[in-house]
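The values are calculated or read from the model by the stated rules, or taken from the named source; none is laboratory data. This is a predicted model, so every value here is computed, not measured. Cβ coordinates were reconstructed from backbone atoms using ideal geometry, including for glycine residues, and neighbour counts include every protein chain displayed. Remember, those area values only see protein heavy atoms, side chains included, never the ligands or the DNA or RNA. Shrake-Rupley method; radii C 1.70, N 1.55, O 1.52, S 1.80 Å.
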Amino acid sequence: MFSSGKNWFVMRTYQTLIVCVLIGQIACDQDRRIPRDFMLGSGLSSYQYEGAWNEDGRGPSFWDAELHNPKPKDFVIDNSNADLAADGYHLYKEDIQLVKDMGLDSLRFSFSWPRILPTGYANKINQAGIDYYNDFIDELLKYNITPIATMYQMDMPAKLLEYGSWTNPAVVDFFLDYVKILYDNFGDRVKLWITINEPFIYCYYSYSNIGFPPFLDLSGVGDYICMKNMLIANARAYRLYHKHYRKQQGGQVGLILLNNWHEPLTNSTDDVEAADDSNKFMNEMFLHAIFSEVGGYPKIVKQKIDAKSAEQGFPRSRLPPLSESEIKMIKGTADFVGLNSYFTSYVYRNRSVDDLHHVPSMLNDVYIGFDVDPAALDASYRFKSVPDSAYKLLMNIKESYNNPPIYITENGYTTQGGLDDDDRVEYINDFLNAVLDAREGGCDVRGYNVWSFIDLFEWKYGYVNKYGLYEVDFSSPNRTRTARKSAHYYKNIATTRTISKKVKEIK
Ligand code: IFM
């Protein structure tokens with residue numbers, strides 16, 4: 001009945017008006033169409049979502065190993081762990097139904113490595129783990145929701161901690177065993193693969209003792225070894241797919257980078273240079289190695305670490321070298337970039353930077369200060385300044401790296417709870433508009449995924465920091481989900497495929 005162009009438009013406008021009335025507070029001047037081939041989605045990750053830490057044959061994750069042992073108080077700020085988390089292991093069907101009802105095109109999730117390989121070794125595959133992810137993927141496909149599957153999102157079998165985790169190149173071999181099992185079992189249905197989530201930031205946090213296992217203080221050395229191993233792990237996983245699976249399965253393999261844009265705190269030459277250096281250092285290490293013509297580490301990264309290492313009396317650079325054959329092996333090993341992006345950092349450079357950071361450390365190497373403590377991720381003003389930065393971030397990748405396909409794989413806003421999350425609504429609206437601006441400016445950005453679909457275990461911030469479109473009541477045994485205002489709002493965007501340039505009149 002509504003299939004002709006004019007009637008379809010009338011129906012859409014009518015639907016939009018109804019949604020506007022229902023969500024009341026949000027003015028709906030729906031003035032921008034979202035292209036049909038631009039995917040709108042959301043995301044979750046295994047350890048943060050599933051719980052069921054010891055059910056159906058799952059082995060301990062390195063998080064379980066760490067958090068089940070006594071830790072200094074406030075190590076996770078509410079002293080929690082993810083033994084139960086949002087109970088996604090049992091509630092995934094209900095959640096996927098909500099994703100469907102929201103009208104989303106994609107859901108990003110991650111595999112729990114210890115649920116598939118409980119001991120870390122590939123001689124014992126846990127069939128119940130394979131079954132769980134088969135059902136999860138099938139449930140998504142039943143509703144035409146595209147699975148975006150991450151192989152590694154900070155969830156590793158505890159056994160591999162004993163090998164030193166990602167500082168040991170042998171762990172790359174264990175990872176490849178696991179990757180092959182994923183391609184073999186799920187590659188017939190998963191067409192968008194992510195090898196590793198946020199390698200740069202993961203290595204920095206894990207080996208500068210900031211917030212991820214193995215919680216080691218190997219600052220300025222271990223983090224760079226981890227980065228090299230992850231570059232190689234990504235490259236080998238990509239090459240494995242392209243050699244043995246691509247032809248038959250027809251999917252794509254990418255990796256995810258956490259890139260927050262860095263602005264100079266003032267317009268002094270030092271601050272402007274500091275922002276430029278830190279964008280190259282912290283955002284482009286992996287982009288350069290994979291997408292640049294020359295490959296390898298960005299020049300500035302090598303120069304700075306080599307010089308600081310010499311100054312500090314190290315007989316060789318703390319940055320592990322990449323041989324010519326490694327540079328070649330790593331080049332070109334992503335079909336797309338997944339970008340996680342949250343806020344703008346304001347950086348400066350002056351003598352006081354000498355006293356700010358551990359020596360040696362990545363931040364001392366790049367030699368910058370942030371205007372706020374970088375650990376204060378919940379300082380909401382940092383989230384507000386994003387839109388211009390999101391545009392700059394995307395256009396910089398377009399210009400510098402030959403316009404690779406990009407998916408925004410995470411973007412979201414943290415609160416401490418409550419259903420009236422007007423700030424989150426405004427933030428998503430601004431960020432998504434900036435992404436669409438970049439697309440109109442020629443950037444090959446293909447999708448946007450809000451982090452996160454429901455509240456999750458937020459690592460060091462336990463259950464205090466909440467990113468969900470849906471609130472989860474972590475005190476109720478059935479982990480009740482309740483839609484926040486942002487869930488209604490995002491549903492409106494997804495179902496009408498229109499977005500206002502600006503959210504107005506949020507009461
Ligand atoms: O919750 C995390 C996610 O696991 C990785 N990216 C950042 C999110 C918010 O901190």
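Below is a table of values for the structure above.
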read-out	value
Residue within region 450-472 that is touching a helix residue (DSSP H, G or I) at 6+ places or on another chain (Cβ under 7 Å), within 15 Å of residue 418 (Cβ to Cβ), small (Gly, Ala, Ser) and open to solvent by less than 10 Å² (accessible area, probe 1.4 Å) present	no
Residue 252 vs. criteria over 24 Å from residue 295 (Cβ atoms) and open to solvent by 10 Å² or more (accessible area, probe 1.4 Å)	no
Sole exception among (1) under 25 Å from residue 65 (Cβ atoms); (2) away from the ligand (no atom under 16 Å from the Cβ); (3) open to solvent by less than 10 Å² (accessible area, probe 1.4 Å) for residue 176, by number	(3)
Residue list for region 230-245, restricted to those being assigned to a helix (DSSP H, G or I) and either in contact with a Phe, Trp or Tyr (Cβ under 9 Å, 6 or more places away or on another chain) or surrounded by 23 or more Cβ atoms within 10 Å (Cβ to Cβ) (or both)	230, 231, 233, 234, 235, 236, 237, 238, 240, 241, 244
Criterion violated by residue 264 - all others in (1) open to solvent by 20 Å² or more (accessible area, probe 1.4 Å); (2) within 19 Å of residue 161 (Cα to Cα) satisfied	(2)
Cross-chain or 6+ apart pairs with Cβ under 6 Å, region 338-353 first and within 26 Å of residue 406 (Cα to Cα) and assigned to a loop (DSSP other than H, G, I, E, B), then more than 16 Å from the ligand (Cβ to nearest atom) and open to solvent by less than 30 Å² (accessible area, probe 1.4 Å)	344/389
Residue, farthest from the ligand (Cβ to nearest atom), within region 142-164, restricted to residues that are surrounded by fewer than 23 Cβ atoms within 10 Å (Cβ to Cβ) and of a type in the set (S, T, N, Q)	144
One residue from 501, 491 being part of a loop (DSSP other than H, G, I, E, B) and within 18 Å of residue 431 (Cα to Cα)	501
Helices (runs of 4 or more DSSP H) wholly inside region 32-144 that include at least 2 residues being under 30 Å from residue 500 (Cβ atoms) and at pLDDT 95 or above	88-102
